[in-house]
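The values are calculated or read from the model by the stated rules, or taken from the named source; none is laboratory data. In this text the structure is predicted, and so the values were computed from the model without any measurement. With ideal geometry, Cβ positions are generated from the backbone for all residues, glycine too; neighbour counts draw on all protein chains shown. Heads up: the accessible areas ignore ligands, DNA and RNA and are worked out on the full protein's heavy atoms, side chains in. Shrake-Rupley method; radii C 1.70, N 1.55, O 1.52, S 1.80 Å.
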There are 2 protein chains.
Amino acid sequence: MVTKQFNGSPEDADLRRADSLAREIFSDVANKWAFLIIEALGERTLRFTELRDEIEGISHKMLTQNLRMLERNGLVERRVHPTVPPRVEYTLTESGQGLRATVDAMCGWTQRYLSHIEAARRRFDA
Amino acid sequence: MVTKQFNGSPEDADLRRADSLAREIFSDVANKWAFLIIEALGERTLRFTELRDEIEGISHKMLTQNLRMLERNGLVERRVHPTVPPRVEYTLTESGQGLRATVDAMCGWTQRYLSHIEAARRRFDA
DNA sequence: CTGTATCCCTTCTGATACTG
DNA sequence: CAGTATCAGAAGGGATACAG
């Protein structure tokens, strides 16, 4: 997709727009924190604080920022309970679950090739 | 994986090291340019310039930088032909092909939910 | 052709403080 | 508890020049 070539003809305009949007989505989503959030929300709904505790090393700011982005793209649903103190829950939507499958696949890949990669690094660094 | 919790016991040390490495790999690879490079190298070996032409918008610098990273992690093999001018070819290794499968899946996901996402954005931005 | 190095601007990120 | 705003340092990224 993202590497498709165009010839400049008028009928390419739609394809070009779709491609540019796909690129944009790709750039939004293909980032470490987004993946980790999707992974964490895999099975269950979580509150803001629970998410932050679950994802080691994420800052308050990065978490809100990425949650907004995921919400904007319709991957995550944000439910606010009008209580005090507030209670906000995040859940993966259908499309979020769809992406989760590929994130899971990537986690599996990481596990499978862990030692392989470690070895490659040692070789390279020498 | 990456969201696993530890209890601090000594026997957790190995798990913790593996997890930290997995995290590191995740951070390296879960980035836009790396994905686009892997996607471009999907079927065939490509030269440096061919890659740059294939991936719209990538700069000389980002391409070398990401190729080095992918090579270091053993996802891409770099073959130099000692000719003049030089000819350098990049190919996906076995582990690279493994990751490619998940990148492909993500491209498929993007296509499938393109209009869905576009709609979600319009809703959110209002 | 491929690759490294440099300059310079932009974006990212974490820490902190402050609101409802 | 959840979220926003701000600041400063780090990293990302483009352009250019130069070497093998």
Regarding the protein assembly as shown, what are the three Cα extents along the principal axes, ordered largest first, in Å? 72, 61, 25
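Averaged over peptide B:93-102, how many Cβ atoms belonging to another chain are found within 10 Å of each residue's Cβ? Intermediate values should be presented prior to the final figure.
Working: counts 3, 2, 6, 1, 0, 7, 5, 1, 4, 10.
Taking the mean over all residues of the peptide, I get 4.
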Calculated label separations, A:R79, copies of the chain, 7 Å along the beta-carbon direction, nm: 5.5
Note the distances from B:D125 to each other copy's matching label point, with points 7 Å along the Cα-to-beta-carbon direction, in nm, sorted shortest first. 4.4
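Any idea of the total accessible area buried by the B-A contact, 1.4 Å probe, rounded to 100 Å²?
Interface between B and A: roughly 5100 Å².
So what's Rg/Rh here for the range A:40-123, counting alpha carbon atoms and using the Kirkwood radius for Rh? Before the final figure, lay out each step's value.
Values: Rg = 16.0 Å, Rh = 14.6 Å.
Reported Rg/Rh, Kirkwood definition of Rh: 1.09.
For peptide A:113-119, how many partner chain Cβ atoms fall within 10 Å of a residue's Cβ, on average? Write out the running numbers ahead of the final one.
Details: counts 10, 6, 2, 7, 11, 5, 1.
Taking all residues of A:113-119 together, the mean is 6.
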Leaving ligands, DNA and RNA out of it, work out the accessible area of A:W33 with a 1.4 Å probe and give it in Å² to the nearest 10. 40
Using a Gaussian network model on chain A with a 10 Å cutoff between Cα atoms, which of A:E71, A:E94, A:E39 fluctuates the most? A:E94
Would you mind listing the distances between the B:Q111 label point and the same position in each other copy? Use 7 Å along Cα-to-C-beta, nm, one decimal, shortest first. 2.9
Chain B: calculated mean residue ellipticity at 222 nm from DSSP helix runs of at least 4, using -39500 (n - 2.57): -19500 deg cm²/dmol
